[in-house]
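The values are calculated or read from the model by the stated rules, or taken from the named source; none is laboratory data. All of these numbers come straight from a predicted model, not from anything done at the bench. Here the Cβ is made from the backbone with ideal geometry for all residues, glycine too, and neighbour counts use every protein chain on show. Heads up: the accessible areas ignore ligands, DNA and RNA and are worked out on the full protein's heavy atoms, side chains in. Shrake-Rupley method; radii C 1.70, N 1.55, O 1.52, S 1.80 Å.
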Amino acid sequence: MKSLLKKTSWLLLILWCVGTLTAQAGDGKLSKELQKAYKKECKELKKEGWKVYDNPLALDAALLKYYQKLEQDGGQAQHIVGTGQAKKVNTAYTKARTSAMAQLASMRESQVEALVSIEMSNSERGDSVTSRKDVESQIRSRVEQTIKSLAPLVTLCRTLPDGMNEIRMYYVVKF
């Protein structure tokens, strides 16, 4: 019975390894340009001490998921990276999310209206003529944004040497 259990354990371990290697080999789906960017960013992030925040995936696998989403959406998607720093992780998380929302809002359409009114009057008194010109300019800028369910594909965190926490959130947004 122990022999069967041992063989089953080895088989499961081998299957798990094959599954992991297959998932990591999926980066062949990326274009050469994106694959190069993916590898470069992975190397930099590891060097800087970043770790995946809210997911059990390794840094490479999490970023691969992000780059595959960029590849899948092609030129129709825009990537946004929100960052935040604070003593508490939750505060840094909120700052990073707010940063990403602000970037998205600035990329969306805005409306600018301008109204210029010119009022001219002439008055005569005897031999003299007086002219008066009033110019009034009103410019109103309005940005209407609805940002619903903005969810990051990857969230990374690290602790800086001064004890501050830094969060980096990666989003892919279609316009």
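Can we say residue 138 is farther than 21 Å from residue 38 by Cβ, modelled with pLDDT under 75, in contact with a Leu (Cβ under 8 Å, 6 or more places away or on another chain) and not charged (D, E, K, R)?
Yes; evaluated as a whole, the condition is true for this residue.
So which residues in the range 61-88 are more than 14 Å from residue 170 (Cβ to Cβ) and more than 17 Å from the chain's Cα centre (by Cα), if there are any at all?
Once the filter is applied, which keeps residues that are more than 14 Å from residue 170 (Cβ to Cβ) and more than 17 Å from the chain's Cα centre (by Cα), the range 61-88 yields 86, 87, 88.
Between a residue in the range 28-48 that is over 11 Å from residue 59 (Cα atoms) and any residue that is exposed (fewer than 12 other Cβ atoms within 10 Å of the Cβ) and modelled with pLDDT of 90 or more, which pairs come within a Cβ distance under 9 Å, given they are 6 or more apart or on different chains?
30/36
In the range 150-175, what count of residues is obtained for those that are farther than 19 Å from residue 56 by Cβ and either not in a strand (DSSP E or B) or not hydroxyl-bearing (Ser, Thr, Tyr) (or both)?
Residues in the range 150-175 being farther than 19 Å from residue 56 by Cβ and either not in a strand (DSSP E or B) or not hydroxyl-bearing (Ser, Thr, Tyr) (or both): 12 in total.
Kindly provide the set of residues from the range 151-165 that are touching a residue at least 24 places away in the same chain (Cβ under 8 Å) and out of contact with any helix residue (DSSP H, G or I) (no Cβ under 6 Å at 6 or more places or on another chain), ordered by number.
Once the filter is applied, which keeps residues that are touching a residue at least 24 places away in the same chain (Cβ under 8 Å) and out of contact with any helix residue (DSSP H, G or I) (no Cβ under 6 Å at 6 or more places or on another chain), the range 151-165 yields 152, 155, 156, 157, 158, 159, 160, 163, 164.
Count, please, the residues in the range 70-110 that happen to be part of a strand (DSSP E or B) and either open to solvent by 80 Å² or more (accessible area, probe 1.4 Å) or among the aromatic types (Phe, Trp, Tyr) (or both). It would help to see each step written out before you state the result.
Just the residues of the range 70-110 that are part of a strand (DSSP E or B), to begin with: 77-86.
After this cut, where a residue has to be either open to solvent by 80 Å² or more (accessible area, probe 1.4 Å) or among the aromatic types (Phe, Trp, Tyr) (or both) as well, the list is 79, 85.
Residues that pass the stated criteria total 2.
Kindly indicate which of 61, 23 is at pLDDT below 75 and either on the phi < 0 side of the Ramachandran plot or surrounded by 11 or more Cβ atoms within 10 Å (Cβ to Cβ) (or both).
Of the residues listed, the single one that is at pLDDT below 75 and either on the phi < 0 side of the Ramachandran plot or surrounded by 11 or more Cβ atoms within 10 Å (Cβ to Cβ) (or both) is 23.
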